[in-house]
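Enquirer: So that we are looking at the same thing, I have put the structure below in structure tokens.
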């Protein structure tokens with residue numbers, strides 16, 4: 001009797017399961033409009049969870065109540081931290097913290113705190129602790145609370161963009177918020193691994209905050225570019241020392257003894273050019289510089305040596321008979337002789353004007369006497385100030401330098 005009862009129960013349960021599966025199959029294959037589905041189901045069915053979080057977040061549009069926290073005219077680090085404290089005090093449950101963090105990320109550069117690690121940790125600490133920690137492997141991989149995790153990842157991305165290196169305290173904040181194996185913590189650990197490597201990869205070290213003074217930036221830029229030749233000399237000039245100079249500014253010039261030798265041996269009939277301005281970036285600052293360039297010379301053909309195994313044709317040095325190939329010695333090219341031209345000097349001026357560049361050429365004549373006999377072409381498209389010229393073209397002006 002008990003066996004028959006259990007058999008009937010087993011058949012009933014199997015029938016129930018089959019009925020449930022058939023109903024699910026009909027539901028999945030039925031032409032139901034996505035407009036009748038709940039909002040979260042429509043989002044998951046059309047895209048991944050991560051893409052849905054990115055589409056749902058609109059960092060450009062925030063409510064007026066959130067924007068009011070950053071409406072003060074006194075935009076300093078203290079007022080920014082005070083706005084975060086006011087938001088935390090007025091909202092103990094931290095509702096709307098994602099919107100507040102996105103609004104804060106937009107205003108960080110205005111407050112001058114976009115490179116401050118303490119402020120980033122303050123923003124990450126605004127997220128509630130405990131409830132967003134995943135409880136199983138499925139919640140970990142499917143990005144539990146995707147909107148909030150994406151907000152933390154965007155905050156870390158802005159830190160990486162501004163060169164702010166995280167520390168162990170920021171990792172602890174993320175672990176207490178999202179758990180050890182969450183996506184923000186993985187992002188944080190990748191930053192801890194790669195950012196120190198990239199920070200010390202360049203041999204041209206710069207201070208953490210480069211100066212805002214244009215003269216100091218020009219010295220840093222020219223010194224950095226002249227390290228290609230350790231014998232280069234950095235010279236500082238004033239245009240007021242040049243007779244008939246129109247602009248009163250400074251000039252930072254860099255030239256090596258090898259470049260002076262190349263300029264001294266340059267044929268007087270071949271013109272050289274002042275090209276620029278080119279750009280070099282020192283962190284977030286940009287400096288324009290100019291180069292004095294000559295046309296590249298064709299390289300001599302390589303020496304061809306024939307190796308003959310016949311020992312009877314060997315000529316000894318003490319007989320005085322040398323092979324012609326042994327006399328054909330080729331002087332190695334310097335680092336300044338490139339395929340597209342020969343770099344003879346480099347400079348940065350305070351105005352980047354045509355008159356300041358003409359003053360630079362006249363000052364170079366003091367250490368390069370042959371430059372007074374060589375025609376110089378200025379390829380700057382828009383001249384600043386009046387320049388004495390011997391010929392006017394569309395974008396090129398030929399100037400005969402005088403000592």
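Enquirer: Collect the residues in region 177-190 that are part of a helix (DSSP H, G or I), in contact with a helix residue (DSSP H, G or I) (Cβ under 8 Å, 6 or more places away or on another chain) and more than 28 Å from residue 210 (Cβ to Cβ), keeping them in residue-number order. Can you show your working first?
Expert: Let us first name the residues in region 177-190 that are part of a helix (DSSP H, G or I), namely 177-178, 183-190.
Next cut, in contact with a helix residue (DSSP H, G or I) (Cβ under 8 Å, 6 or more places away or on another chain) only: 177-178, 183-185, 187-189.
Correct list: 177, 178, 183, 184, 185, 189.
Enquirer: Give region 191-209 a look and list any residue that's part of a loop (DSSP other than H, G, I, E, B) and either under 20 Å from residue 161 (Cβ atoms) or touching a residue at least 60 places away in the same chain (Cβ under 8 Å) (or both), or say none.
Expert: Filtering region 191-209 down to residues part of a loop (DSSP other than H, G, I, E, B) leaves 200-209.
Scanning region 191-209 gives 200, 201, 202, 206, 207, 208, 209.
Enquirer: So, in region 155-176, of the ones that are out of contact with any helix residue (DSSP H, G or I) (no Cβ under 7 Å at 6 or more places or on another chain) and not in a loop (DSSP other than H, G, I, E, B), which residue ends up farthest from residue 117 (Cα to Cα)?
Expert: 176
Enquirer: Is it true that residue 188 is over 20 Å from the mean Cα position of the chain (by Cα), touching a residue at least 12 places away in the same chain (Cβ under 8 Å) and closer than 30 Å to residue 155 by Cα? Walk me through how you get there before you give the answer.
Expert: Working: over 20 Å from the mean Cα position of the chain (by Cα): no; touching a residue at least 12 places away in the same chain (Cβ under 8 Å): yes; closer than 30 Å to residue 155 by Cα: yes.
Spelling it out, it is not the case that residue 188 is over 20 Å from the mean Cα position of the chain (by Cα), touching a residue at least 12 places away in the same chain (Cβ under 8 Å) and closer than 30 Å to residue 155 by Cα.
Enquirer: Might you let me know whether region 370-387 holds any residue that is assigned by TED's automatic domain parsing to the domain that holds residue 287, part of a loop (DSSP other than H, G, I, E, B), over 31 Å from the mean Cα position of the chain (by Cα) and at pLDDT 90 or above?
Expert: yes
Enquirer: So, one more: For region 44-130, which helices (runs of 4 or more DSSP H) that fit wholly inside it have 1 or more residues that are within 30 Å of the chain's Cα centre (by Cα) and at pLDDT 70 or above? Before the answer, list the steps.
Expert: Details: elements: 49-56, 64-67, 77-90, 97-111, 117-124.
Answer list for region 44-130: 77-90, 97-111, 117-124.
The values are calculated or read from the model by the stated rules, or taken from the named source; none is laboratory data. What you see is a predicted model, and the numbers here were worked out from it, not measured in a lab. Every residue, glycine as well, gets a Cβ built from its backbone with ideal geometry; the counts of neighbours run over all protein chains shown.
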